[in-house]
Amino acid sequence: MRTNNRRHQTYVGKHSARLRFLAGVVTCLMLVTAAACVGYAVYMIVDSTAVPVQARVDVQAADTSVFLPHVVPLGGENYAPTAVVEPAGWIQIIPLREEEFEEMYEAYVFMEDDEDVFALPEVFFPVYETLELPTSLLSFEHTLLPFYIPDNSVLYTEFLHSRPDLDAETAIWMVNASVHVPFYSQITIDNNPNPLLISPSFRLPEGFTPHALVPVNNDECHLRATPQTVAAFQNFRMAARDAGFDLSVTSAYRTATRQGQLWENGGRRDGRVARPHHSEHQTGRAIDFWGPGGLMDRNGPTPVGRWAAENAHYHGFILRYRAETTHITGYIFEPWHFTFVGLEISMYMHNNNILSLEEFVGRNPGAMLPPV
């Protein structure tokens, strides 16, 4: 009898332990479920305060690394832009919830056409206000030109609108050389000790004098020019003699005072006489040739004049004021006026069929004369 009682107690004890274990498991599951429900409720409350959007953006977790293709600076390798626009980083997009996806899908509008397409509703394409600016007539290719200056982009567009007869490339270099404005209307003072371009838009500073001046022919000659100009002229004259021609000089360096006298005596006629500080003669690099009949080709083309015009670039000179460039230079045809610019520039202009110094400077911003 005692043995049966012991067996019954053992069986009851084991059964009670199993019940307690199962009860503990059920209690844990209930606690986990309750915690999950509370967390989900909190999430829904917080999430419901957000403005509905197409996708939720986590900006803080965004990877700001972005690939940008290499672009050669438009003004050359040493060009430094005046403003830098920071690129936008990539933004990680959190996947849409199922209900958000369904709402977005319902917003699609089915369009019946030659083929099945879906069009996004207007909400996906916000309309932004735009400023009333002239429509640019420049293509992307024009912005890649080596002489395109970003700061002049508005001037390019305005000039093209006022001159529809011009192509964009011509308009760009004309703006760069200040040929787009009326003569003497916008003047820039060039403080370079050896200035390249002197024109109705670019003038010399008060008191400008070349770094050095030497006689053109001999020590008794009253005509003077810079040493580089005189050396180049001597070679030019020897080549002319070998070709059977004789070149002489009737005018070279002039002071601002002398140029002012010529300006007054000439009736202050723009296009025929340069104003003081606007004359290339004051730089010491301009010379006027004298031919057998007086000023070179003054009364019509002559053999010596044609030879000089066709061979000047071999000696660093250019025929400065041509008949076909009057609207660019602001001066009448002067077949006697030659300007020393150095062999590199004169050969470049000849090889590229550039007829005016304005066009050369406009296509080569920042170009300078060889050091003296």
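The values are calculated or read from the model by the stated rules, or taken from the named source; none is laboratory data. Model, not experiment: these values are computed from the prediction. All Cβ positions, glycine included, derive from the backbone under ideal geometry; neighbour counts span all protein chains shown. Quick note on the areas: whole protein, heavy atoms, side chains included, nothing else; ligands and nucleic acids left out. Shrake-Rupley method; radii C 1.70, N 1.55, O 1.52, S 1.80 Å.
Could you tell me which residue of the range 337-363 is nearest to residue 229 (Cα to Cα), considering only residues that are open to solvent by 40 Å² or more (accessible area, probe 1.4 Å) and touching a residue at least 12 places away in the same chain (Cβ under 8 Å)?
343
Can you tell which of 280, 264 is out of contact with any strand residue (DSSP E or B) (no Cβ under 7 Å at 6 or more places or on another chain) and either open to solvent by 70 Å² or more (accessible area, probe 1.4 Å) or closer than 16 Å to residue 337 by Cα (or both)?
264
Check residue 200 against each of (1) open to solvent by 20 Å² or more (accessible area, probe 1.4 Å); (2) closer than 17 Å to residue 320 by Cβ and name the one condition it does not meet.
(1)
Can you tell me which of (1) within 25 Å of residue 332 (Cα to Cα); (2) under 36 Å from the mean Cα position of the chain (by Cα) is the one residue 209 doesn't meet?
(1)
Within the range 257-270, identify whether any single residue is among the β-branched types (Val, Ile, Thr) and over 41 Å from the mean Cα position of the chain (by Cα), and answer yes or no.
Within the range 257-270, not a single residue is among the β-branched types (Val, Ile, Thr) and over 41 Å from the mean Cα position of the chain (by Cα).
Can you tell me which of (1) more than 23 Å from residue 313 (Cβ to Cβ); (2) loosely packed, with under 12 Cβ neighbours inside 10 Å; (3) of a type in the set (D, E, K, R) is the one residue 241 doesn't meet?
Failed condition: (1).
Which members of the range 232-261 meet the condition of being touching a strand residue (DSSP E or B) at 6+ places or on another chain (Cβ under 9 Å) and hydrophobic (A, V, I, L, M, F, W, C)?
Within the range 232-261, 232, 233, 236, 245, 247, 249, 252 qualify.
Tally time: how many residues in the range 305-331 are in contact with a strand residue (DSSP E or B) (Cβ under 7 Å, 6 or more places away or on another chain) and either aromatic (Phe, Trp, Tyr) or open to solvent by 10 Å² or more (accessible area, probe 1.4 Å) (or both)?
Qualifying residue count, the range 305-331: 7.
Would you be able to say whether some residue in the range 325-347 is among the hydrophobic types (A, V, I, L, M, F, W, C) and more than 34 Å from the chain's Cα centre (by Cα)?
yes
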